[in-house]
Amino acid sequence: MDLATPIRSRAVVVSGTGGVWHVRDESGGEHEASLRGRLKLPKNSALKLAVGDDVMISRDSAGTQWAISEILPRRSQLARRAPSGAFGERIIAANVDQVVLVFAAAKPEPHLRMMDRFLVIAEANGIEPRIVINKVELVGEGTAQDMFAPYAAAGYPLHFTSVKQQLGLTELHDQLVGRTSVLTGPSGVGKSSLMNAMYPGLNLRVGEISESVNKGRHTTVGALLHPLPDGGYVVDTPGLREVGMWELSADGLAHSFREFRPFASECKFSDCSHRKEPGCAVLAAVDSGAITGDRYESYLGLRDEMEAEVVPAGKPKRR
Ligand SMILES: Nc1nc2c(ncn2[C@@H]2O[C@H](COP(=O)(O)OP(=O)(O)OP(=O)(O)O)[C@@H](O)[C@H]2O)c(=O)[nH]1
Ligand SMILES: [Mg+2]
Ligand SMILES: [Zn+2]
């Protein structure tokens, strides 16, 4: 037994499948740890361990086995929510600081509806979104800025990057340091290229690991945490794309469109759906151009989807 190694240590859960958890302690050592023994949970929580959780780990007297003895309070969680909490929730990752949405200015064309969906998921979970528009050199930075002006106006942090021309990489890197970031976006927009450009030599295979780990297993990997060399983590999750709109509350939807907020509170009816009610301040804002037609269309699409996905019995449909 190595006496220099403390018997109790603080760690972060970096992955987990079917009861086997991998944790990373404060000096960067990774251990396999079981969820055995008397687990101390924060008061009145039905807390289940998730990737990203801060935990205390301890070793048995033989000094060979690590066990998770305590889950420390969560700062945040990215969850798939059930309507009115009736079906519980599944935690994708804990202690996520930001959701970094990567899209390309072109090749592939940015899918704004998808971006709006991801923004809503982040907002509904109370996690700060950050938008990255990569491949800006294909359209020019000015054009890219015009394309995404409504998002900048709504207050979302935006980065314009080009891996090819090494643009905006330092600024984006600065925003990842020391934070736990979920990196997501459509295929081919340059997520891997960005990570490799910001962290040369690290060869982070974000997106590829979770797929290979998931292959041939019944247990779903919620997420994987990749430690960054200068502090912080990138969360690799296959789960975010599958978050259905039924998991969010309809009332919360308008609030999750950041620029709708000041208007939604001015509607004549407090339960306004912002579709065709008289005295709807959101509709008025669309008419005046304060809210763009595109964003409003996204709202309507997600609202329809959300309402269609909840069948009368209150049971969510599975696709
Ligand atoms: N023109 C241009 N091409 C880029 C840029 N960044 C990445 N690419 C190219 O875009 C293609 C896709 O890049 P990836 O990094 O594999 O994209 P990804 O988002 O990781 O895709 P998935 O792993 O499938 O989700 C590659 O051919 C890259 O060389 C850029 O800034 N400009
Ligand atoms: Mg990739
Ligand atoms: Zn309204």
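Rule-based calculations on the coordinates, nothing more; no lab input. Since the model is a prediction, treat every value here as computed from it, not as a measurement. When we count neighbours, we look across all protein chains shown, and the Cβ atoms used for this are built from the backbone with ideal geometry, even at glycine.
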Item checked: Whole-Hz ³J(HN,Hα) from phi, Karplus 6.51 cos²θ - 1.76 cosθ + 1.60, for region 11-16, glycine and proline x -> 8, 10, 6, 9, 6, x
Next item on the list: For L167, enumerate residues with amide H under 5 Å from its amide H, sequence gap 5+ or separate chain, H modeled in the peptide plane.
Entry: S162
Check: Whose amide H sits under 5 Å from the amide H of V132, counting only residues 5 or more places off or on another chain, with H placed in the peptide plane?
Finding: L101, V102, F103, H159
Next item on the list: Provide the per-residue ³J(HN,Hα) series for region 131-141, in order, calculated from phi with Karplus coefficients 6.51, -1.76, 1.60 and θ = phi - 60°, each as a whole number of Hz, with x at glycine and proline positions.
Entry: 9, 10, 9, 9, 6, 4, 5, 6, 10, x, 5
Check: Which cross-chain or sequence-distant (5 or more) residues have an amide H under 5 Å from the amide H of W66, H modelled 1.01 Å from N in plane?
Finding: S34
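How would you rank M195, M56, going from fewest to most other Cβ atoms within 10 Å of each one's own Cβ?
Values: M195 25, M56 16.
Fewest to most other Cβ atoms nearby, the residues stand as M56, M195.
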Checklist line | Vicinal HN-Hα couplings computed from phi for region 251-268 (Karplus, 6.51 cos²θ - 1.76 cosθ + 1.60; Hz; Gly/Pro x) | finding: 4, x, 4, 4, 5, 7, 9, 3, 6, 7, 3, x, 7, 4, 6, 9, 5, 4
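Starting with the highest mean, order 257-263, 95-101 by the number of other Cβ atoms within 10 Å, averaged over the residues of each peptide. The partial results should precede the final answer.
Working: 257-263: 18.6, 95-101: 24.4.
Output ranking for 257-263, 95-101: 95-101, 257-263.
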Check: Between Q166 and S187, what is the FRET efficiency for a Förster distance of 30 Å, r being their Cβ-Cβ separation, to the nearest 0.05?
Finding: 0.85
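Using a Förster distance of 22 Å, how high is the FRET efficiency between D251 and H111, based on the Cβ-Cβ distance and rounded to 0.05?
Working: r = 26 Å, r/R0 = 1.19.
It comes to 0.25.
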